[in-house]
Amino acid sequence: MAVIELTNLTKSYGKNRGIEDVNLKIESGEIFGFIGPNGAGKSTTIRTMLGLLKPTRGKALIFGKDVNLEPSIKASIGYLPSEVFYYDHMRVSDLLKYSASFYGKDCSKRIDELCDILDLDVHRKIEDLSFGNRKKVGIVQGLLHEPQLIILDEPTSGLDPLMQKRFFELIQGEHQKGATVFFSSHILSEVQRLCNRVAFVKDGSLIQVASLAELQKNTFKRVLLEAAVPFDLDDFNQDCFSHADRTTTGVHFIYNGSINDLVTFMQRYSLTNAEISEPDLEEIFMAYYGGEASK
Amino acid sequence: MNIFRFEFRQALRQTWIWIAAMVFTFAVFLAMYSAVSNDVEGFKSILQAYPESIQQMLGINLDAIGSVLGYYAMTFSFLALVGCIQSATYGFMILSWEQREKTGDFLFSKPVSRSRIFWAKTAAMLVNVVLSALLVSLINYGIFCGGGLQGVDFTAYAEMQLILLILMVLFFALGLLLSLVLGKIKRPSTYGLSLVFALYIYSAFFGADSTIKRVFAPFKYFDLFKVIDQHTLELSWLMLSAAFILCLLGGSYVIYTRQETHLS
């Protein structure tokens, strides 16, 4: 049984687009990356999946159940929203106790462990915390009940590099204990570091779901060509090329297509050098989204 | 139960302040009673100078003003005003909290249904409202007795306090529904104050004109002087109040359980 199963999940805000016909299946034990630029529909997908928003069409099942019909299933979910807001006048310890009270088990030991790892002062009031510390509170409250499914929406914003490292170790630890992780981000290096499989979302629709290895090896190539004669960039004005740019002695670009076609293309030129390598996720991302991701 | 406990405690500090305000209001009025009772005719002549509409608005009945409960009826209109502002504010506050403080993602991602959240929050506030009415009634009665006014008709007093409770619950339910219909309640106290003053003024000026107009004038549902003279609460208006409260709560439930959790 899939841990998350989205079928034609659609959410519109009046005439405005939210997400459209999102179909996705995430199996137990995966660390799944959900990638897209701001406004692509990542948070809308997550919030519809969790029942915070009502779908316009389609359905979202978690552990085979609809959270709107069976909210008790949320006991198995740990959720860290992209923006963390809590009851400002409360102390961190009281908020965490309140959060734990929903799960019907003693979470105090785990709360202490998580606060130690993240170096979180539980005696302070929420209103006195910096954005990064609020994020830590969010992480602790999302993980304190040792959920089987962890849903993270832009989890590292506000965390310093040391805390990001500890956070990833924490998530990897939960994964090793058997948790499934659904992880939305536009920071590709962290997705690359953590995830086995990723989905790209653009303008509210999924445009690609693939394993990270598949994405990096099968389709996209980073290519550098050098020749004695300068390249005409118009030659690269085809769908299979993206991000073509001149270097001092040649041109580099991202290629998406058959490797044989690329070799045929290269034969047009009297090359002095050619390098074909695996692109990183960021380059693949840019190839998918073109200029809009950098806006 | 955890949501109930949490919400109840959140409101409790405010509840103590509201109770103190109501007791203080009562004590100030009662402090003036000995002066009034010594010169009833003089006090009546001052009040007679007020236009009739103002007299009605202030709950003044010149024939009864000399008696303790007749005087209390005037005080009661102020107590009711304060109590209703409190409960209307609670109504506007409780279900709009998550939207106002943006804590919806925290609460609604917990393993609990919206229906349970609704009843826990509503019950927590209702208990605060009932607690306020009950404590104010008991403390004020204690002040009556402490002030040497043991002869106060307890039955009439208790019925008047029941009216206070009914009005407070009615305004709570009204605030609850309006908060959901209006959405984005930034300052619940402003909404509570506006609602109560609007209906208070409407009740004073139009509440006695016709039965239809009285339906929209909660401060005119019960005649305090009938309660003092005959110990009578009109059953039809009691039933109407109960029906309104149930409909407002039911409507709020339906809207709340169908709502979404927006971030802004």
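Here are a few things to note about the model shown:
- Nearest-ten-degree value, helix B:114-146 long axis tilted from longest Cα axis of chain B: 20 degrees
- Checked against a 28 Å cut-off, the cross-linked pairs A:LYS25/B:LYS121; A:LYS11/B:LYS102; A:LYS25/B:LYS184; A:LYS135/A:LYS177; A:LYS42/B:LYS184 give Cα-Cα distances beyond that limit for A:LYS25/B:LYS121; A:LYS25/B:LYS184.
- Other residues lying with their Cβ under 14 Å from the Cβ of A:PRO71 contribute a combined charge of +4, Lys and Arg counting +1, Asp and Glu -1.
- Between A:LEU96, A:LEU114, A:LEU52, the residue with the greatest mean-square fluctuation in the GNM of chain A (Cα pairs under 10 Å linked by springs) is A:LEU52.
- Scalar couplings 3J(HN,Hα) for segment A:200-208, obtained by applying the Karplus form with A = 6.51, B = -1.76, C = 1.60 to θ = phi - 60°, are 9, 10, 9, 6, x, 10, 6, 10, 6 Hz; x denotes Gly and Pro.
- Based on C-alpha pairs under 8 angstrom that are at least 6 apart in sequence, segment A:1-111 has a relative contact order of 25 percent.
- Residues A:GLN208 and A:ALA228, FRET efficiency given R0 of 25 Å [Cβ-Cβ distance, rounded to 0.05]: 0.10
- Shape of segment B:2-258, Cα gyration tensor, a/c cut at 1.5: prolate
- Helix B:235-258 and the long axis of chain B differ in direction by around 20°, with both axes built from C-alpha atoms.
- Cα centroid separation, segment A:69-113 to segment B:194-254: 43 Å.
- For A:GLY18, the shell of other residues with beta-carbons less than 13 Å away shows a net charge of +3, using +1 for Lys and Arg and -1 for Asp and Glu.
- Percent antiparallel among DSSP beta bridges (both partners in segment A:4-203, rounded to 5): 45 percent
- Helix-only mean residue ellipticity at 222 nm for the protein assembly as shown, each DSSP H run of n ≥ 4 adding -39500 (n - 2.57), per residue, nearest 500: -16500 deg cm²/dmol
- Taking the fewest neighbouring Cβ atoms within 10 Å as the starting point, the ordered list for A:LYS177, A:LYS74 is A:LYS177, A:LYS74.
- Seen from A:ASP88, the other residues with C-beta closer than 13 Å to its C-beta sum to a net charge of +2, counting Lys and Arg as +1 and Asp and Glu as -1.
- Put a dot 7 Å past the Cα of B:ALA243, heading toward its Cβ, do the same for A:GLN176, and the two dots end up 6.8 nm apart.
- Entry note, segment A:70-219: relative contact order of 24 percent, from Cα contacts under 8 Å with a spacing of 6+ residues.
- Residues in segment B:16-30 carry Karplus couplings, in order, of 4, 5, 5, 4, 4, 5, 6, 5, 5, 4, 5, 4, 4, 5, 5 Hz; the curve used is 6.51 cos²θ - 1.76 cosθ + 1.60 with θ = phi - 60°, and Gly or Pro positions show x.
- When you restrict to C-alpha pairs under 8 Å that are six or more residues apart and normalise by the size of chain A, the relative contact order lands at 20 percent.
- Shown is the FRET efficiency for B:PHE24 and A:SER12, computed with R0 = 60 Å from the Cβ-Cβ distance and rounded to the nearest 0.05: 0.70.
Computed from the coordinates by the stated procedures, all read-outs in this text should not be read as laboratory data. All of these numbers come straight from a predicted model, not from anything done at the bench. A quick note on method: Cβ atoms are made from the backbone with ideal geometry, for glycine too, and the neighbour counts reach across all protein chains shown.
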